[in-house]
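Peer 1: Before we start, here is the structure in question, set down as structure tokens.
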Amino acid sequence: MMRPEDVLRSAFGQLRANLLRSFFTLLGIIVSVGFLVAVVAIISGMNAYVKENIADAMIGMNAFQVRRSPVSIGLFDDEAVRRTQRWPRIGEADVVAVRAALPDAQAISLQSGWPTPTSDVIWRNRAVGDALVFGVTPEYQVVQDYRFEKGRPMSELDVRERRPVIVIGAQVAENLFETVDPIGQEVRLQGRRFEVIGVTARKGRVLGQSFDGFVLIPITAFESIWGRRNTTTISVKLADAAEVEPAMLRAEEAMRLARGLRPAEENNFSLSTSDALVAFWRQLTQVLFAVIPAVVGIGIVVGGIVIMNIMLMSVSERTHEIGIRKALGATASDVRRQFLAESVMLALAGGVLGVLGGWLLAELIAAFSPLPARVTSWSVALALGLGAGVGVIFGVYPAARAARLDPIAAMRPD
């Protein structure tokens, strides 16, 4: 009976003796496994990036929003869209109710609108196209943790008196004014003149999207230009993330009382945290995860069939070797284990090469594109498991065929 180490040594020797043939045999498995590892790495990286950067930057871990409709509404449920369109818009009365319920909040702001309009910001003969325009109350600057590089933040007096003032993001200031001090300059927005009173410090870019290409104007000035058709949002910032959940319950109760909802009636508003944005993103990536098994499965099956054909060819080529082994005392079980080990090692080698290739591809994508990538241990384990499984499944028949060879017939000259 052959020892396990002898079986593995023999299998490795066969793999090394036919490197080029082995490589082309494994190409289907290498590509499929590499695709699996790379795509999962990108999706996992995106999930983490959305959580750590986009979601927290938009809402924050210690904040939540009261919105007319949920963040993810409309993705797969048209009926939900029609239902929420009948809900009343968020207004000043809702802000008053939430403020009364949350006196310990650090800041409670009103922001308009959603979807956010874009507009050209013009200074003299220069223009910044498609800047995001937000109509806000002063507390919005606190909720978003804006720091000011120049000038001052928007004040309550600016909102109350509908002053034509504007706070601009660092990118807008850089593209529009370059070396000129923007404070006190007049810019045109939708044909109206606004005085620049502040420039926020740079927040940077995420996935190619800048967080500094925006302008803030008093919500009263915003509504005089765009009206109140856009949906407004209440943003609440608390001292600590642990306070978010109880504060949301109090805000929900206050909103229901303010809107006169009976106990059996559903909310006609929604509350969202950064986790809601992450959940929305993961809902999108589930579509990709649904496609991956089909693509990988096809490649794995094709690769397994190729391995089985190569192993059958190997049995035919090594008929004399099998006869000699049996004549020297090798049992059918020894021969079966030997060929099965060769098949598993061949497929496992394809899995290893696929993992390395997928890992390298993911790193290259992360290095030369805005897409992040994080190779996960479970995808590597799954890839290697698929490789070994393919070797077992598609190696059983060739191994059994080799084991059934009669030693006398096998050693007979061709």
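The values are calculated or read from the model by the stated rules, or taken from the named source; none is laboratory data. None of these values were measured; they are calculated from a predicted model. Positions of Cβ are generated from backbone atoms using ideal geometry, with glycine treated the same way; all protein chains shown enter the neighbour counts.
Peer 1: Does A254 meet the test of being surrounded by fewer than 19 Cβ atoms within 10 Å (Cβ to Cβ) and either at pLDDT 70 or above or over 25 Å from the mean Cα position of the chain (by Cα) (or both)? Spell out how you get there, then give the answer.
Peer 2: Values: surrounded by fewer than 19 Cβ atoms within 10 Å (Cβ to Cβ): no; either at pLDDT 70 or above or over 25 Å from the mean Cα position of the chain (by Cα) (or both): yes.
No; evaluated as a whole, the condition is false for this residue.
Peer 1: Looking for something touching a residue at least 40 places away in the same chain (Cβ under 8 Å) and under 30 Å from L261 (Cα atoms) - is there at least one such residue anywhere in the stretch 140-147?
Peer 2: Yes, that holds for at least one residue.
Peer 1: I'd like to check which strands (runs of 3 or more DSSP E) are fully inside the stretch 148-229 and have at least 2 residues that are under 34 Å from the mean Cα position of the chain (by Cα) and surrounded by fewer than 21 Cβ atoms within 10 Å (Cβ to Cβ).
Peer 2: Of the strands (runs of 3 or more DSSP E) lying wholly inside the stretch 148-229, those with at least 2 residues that are under 34 Å from the mean Cα position of the chain (by Cα) and surrounded by fewer than 21 Cβ atoms within 10 Å (Cβ to Cβ) span 148-151.
Peer 1: Check off (1) part of a helix (DSSP H, G or I); (2) more than 34 Å from the chain's Cα centre (by Cα); (3) not aliphatic (A, V, I, L, M) for W359 and give me the number that stays unchecked.
Peer 2: That leaves (2) as the condition not met.
Peer 1: Can you tell me which of L346, L353 is touching a residue at least 40 places away in the same chain (Cβ under 8 Å), within 27 Å of G28 (Cβ to Cβ) and surrounded by fewer than 21 Cβ atoms within 10 Å (Cβ to Cβ)?
Peer 2: On the way: L346 fails: surrounded by fewer than 21 Cβ atoms within 10 Å (Cβ to Cβ).
Result: L353 is the single residue among L346, L353 that is touching a residue at least 40 places away in the same chain (Cβ under 8 Å), within 27 Å of G28 (Cβ to Cβ) and surrounded by fewer than 21 Cβ atoms within 10 Å (Cβ to Cβ).
Peer 1: Within the stretch 307-336, take every residue that is under 30 Å from V37 (Cβ atoms) and buried (at least 18 other Cβ atoms within 10 Å of the Cβ) and give me the one that is farthest from the chain's Cα centre (by Cα). Outline the logic, then answer.
Peer 2: Our first condition is that a residue be under 30 Å from V37 (Cβ atoms); within the stretch 307-336, this holds for 307-314.
Of the ones still in play, those that are also buried (at least 18 other Cβ atoms within 10 Å of the Cβ) are 307-308, 310-311, 314.
Numbers: I307: 35, M308: 38, I310: 40, M311: 41, S314: 45 Å.
Filtering first and then ranking leaves S314.
Peer 1: In the stretch 257-272, which residues are surrounded by fewer than 22 Cβ atoms within 10 Å (Cβ to Cβ) and assigned to a loop (DSSP other than H, G, I, E, B)?
Peer 2: R259, G260, L261, R262, P263, A264, E265, E266, N267, N268
Peer 1: Can you confirm whether the stretch 200-215 contains a residue that is in contact with a Pro (Cβ under 7 Å, 6 or more places away or on another chain), closer than 21 Å to T137 by Cβ, aromatic (F, W, Y) and in the same structural domain as A127 (by TED's automatic domain parsing)?
Peer 2: Going residue by residue through the stretch 200-215, those that are in contact with a Pro (Cβ under 7 Å, 6 or more places away or on another chain) are 207-208.
The next check asks that each one be closer than 21 Å to T137 by Cβ; those that pass are none.
No, there is no match, as no residue in the stretch 200-215 is in contact with a Pro (Cβ under 7 Å, 6 or more places away or on another chain), closer than 21 Å to T137 by Cβ, aromatic (F, W, Y) and in the same structural domain as A127 (by TED's automatic domain parsing).
Peer 1: What tally of residues in the stretch 93-126 results from selecting those that are modelled with pLDDT under 85 and either loosely packed, with under 12 Cβ neighbours inside 10 Å or in a loop (DSSP other than H, G, I, E, B) (or both)?
Peer 2: Counting residues in the stretch 93-126 that are modelled with pLDDT under 85 and either loosely packed, with under 12 Cβ neighbours inside 10 Å or in a loop (DSSP other than H, G, I, E, B) (or both) gives 3.
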